[in-house]
Amino acid sequence: MSAEPRINDRIRVPEVRLVGPSGEQVGIVPLAKALELAQEYDLDLVEVAATARPPVCKLMDYGKFKYESAMKAREARKNQAHTVIKEMKLRPKIDPHDYDTKKGHVVRFLKQGDKVKITIMFRGREQSRPELGYRLLQRLAEDVQDLGFVESNPKQDGRNMIMVLGPHKKKTEAMAEARQAQEARKADAKANPGRSQNAADSDSAEDFEAEGVEAEGVEAAEVEKTEAPAEASAEA
């Protein structure tokens with residue numbers, strides 16, 4: 001069944017309750033009279049309440065109405081917040097520098113309002129020392145407690161140990177703050193046109209991350225890239 005309302009000659013009832021172009025109540029009139037008024041105003045007669053007795057019809061520019069409705073729906077989808085779960089993988093004996101790098105990613109994800117799944121990967125004899133992974137997860141949770149909380153406590157899953165961190169800030173709030181920061185930087189750039197191109201490029205990169213539009217594949221590649229040196233060192 002079509003969701004499109006009936007308009008003009010597609011309306012097949014003897015009389016309608018008519019609403020004028022400005023929302024004023026005209027009253028119950030014969031359909032022929034309503035169509036005549038629509039022609040005089042150069043507007044469409046649109047059935048807005050088909051189940052009413054008699055049906056309610058309004059005089060309007062239907063093309064403009066459809067366009068505005070589509071724009072409102074698009075804006076609503078744009079502001080809609082979707083829960084995203086990012087993932088960060090660590091080794092039990094992670095290098096301090098690599099830990100700081102991974103923690104930086106977790107901080108960024110939580111600031112964006114995303115959940116973060118932390119996975120500790122055990123290899124070989126490390127599997128007999130689960131307390132190493134547990135302590136590492138506890139340390140990370142404490143380091144980011146201002147931004148997030150432990151939503152799912154550490155638990156063993158085969159060779160891995162998993163913990164989920166949830167953000168204190170809602171996704172919608174994070175998106176709103178990111179947009180405000182982006183607008184502030186743009187305003188600053190207009191007020192200070194002498195800024196270097198490097199600074200502008202840096203702002204663009206920050207905007208890209210703040211909006212949370214990075215492709216998962218790119219993030220995964222970035223994660224693996226930062227993790228590789230630590231693994232090589234451990235294996236050596």
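The values are calculated or read from the model by the stated rules, or taken from the named source; none is laboratory data. Quick caveat, the model's predicted, so the values are computed rather than measured. Cβ placement follows ideal geometry from the backbone for every residue including glycine, while neighbour counts extend to all protein chains displayed. These accessible areas exclude ligands, DNA and RNA; they are computed on the full protein's heavy atoms, side chains included. Shrake-Rupley method; radii C 1.70, N 1.55, O 1.52, S 1.80 Å.
Details
- Only residues that are β-branched (Val, Ile, Thr) and open to solvent by less than 80 Å² (accessible area, probe 1.4 Å) were counted in the stretch 49-71, giving 1.
- GLU24 meets the conditions (1) more than 18 Å from LYS64 (Cβ to Cβ); (2) surrounded by 13 or more Cβ atoms within 10 Å (Cβ to Cβ); (3) not hydrophobic (A, V, I, L, M, F, W, C) in every case but one. The failed one is (2).
- Taking each residue of the stretch 137-165 that is β-branched (Val, Ile, Thr) and looking for partners that are open to solvent by 80 Å² or more (accessible area, probe 1.4 Å) and part of a strand (DSSP E or B) with beta-carbon atoms closer than 7 Å, six or more apart or interchain, yields ILE162/LYS155; VAL164/GLU151.
- Checked against (1) touching a helix residue (DSSP H, G or I) at 6+ places or on another chain (Cβ under 6 Å); (2) within 21 Å of ARG179 (Cα to Cα), LYS111 passes all but a single condition, namely (1).
- Matching residues, the stretch 1-54, being in a strand (DSSP E or B) and not hydrophobic (A, V, I, L, M, F, W, C): GLU15, ARG17, GLN25, GLY27, PRO30, ASP44, GLU47
- Entirely in the stretch 96-179, the strands (runs of 3 or more DSSP E) that have 2 or more residues that are in contact with a Ser or Thr (Cβ under 6 Å, 6 or more places away or on another chain) and surrounded by 16 or more Cβ atoms within 10 Å (Cβ to Cβ): 160-167
- The residue pairs whose first member lies in the stretch 107-129 and is more than 16 Å from LYS155 (Cα to Cα), whose second member is of a type in the set (S, T, N, Q) and in a helix (DSSP H, G or I), and whose beta carbons are closer than 9 Å, counting only pairs six or more residues apart or on different chains, are GLY113/THR172.
- Qualifying residues in the stretch 35-48 (those that are in contact (Cβ under 8 Å) with a residue 12 or more places away in the chain and over 22 Å from SER69 (Cβ atoms)) - the one most open to solvent (accessible area, probe 1.4 Å): LEU35
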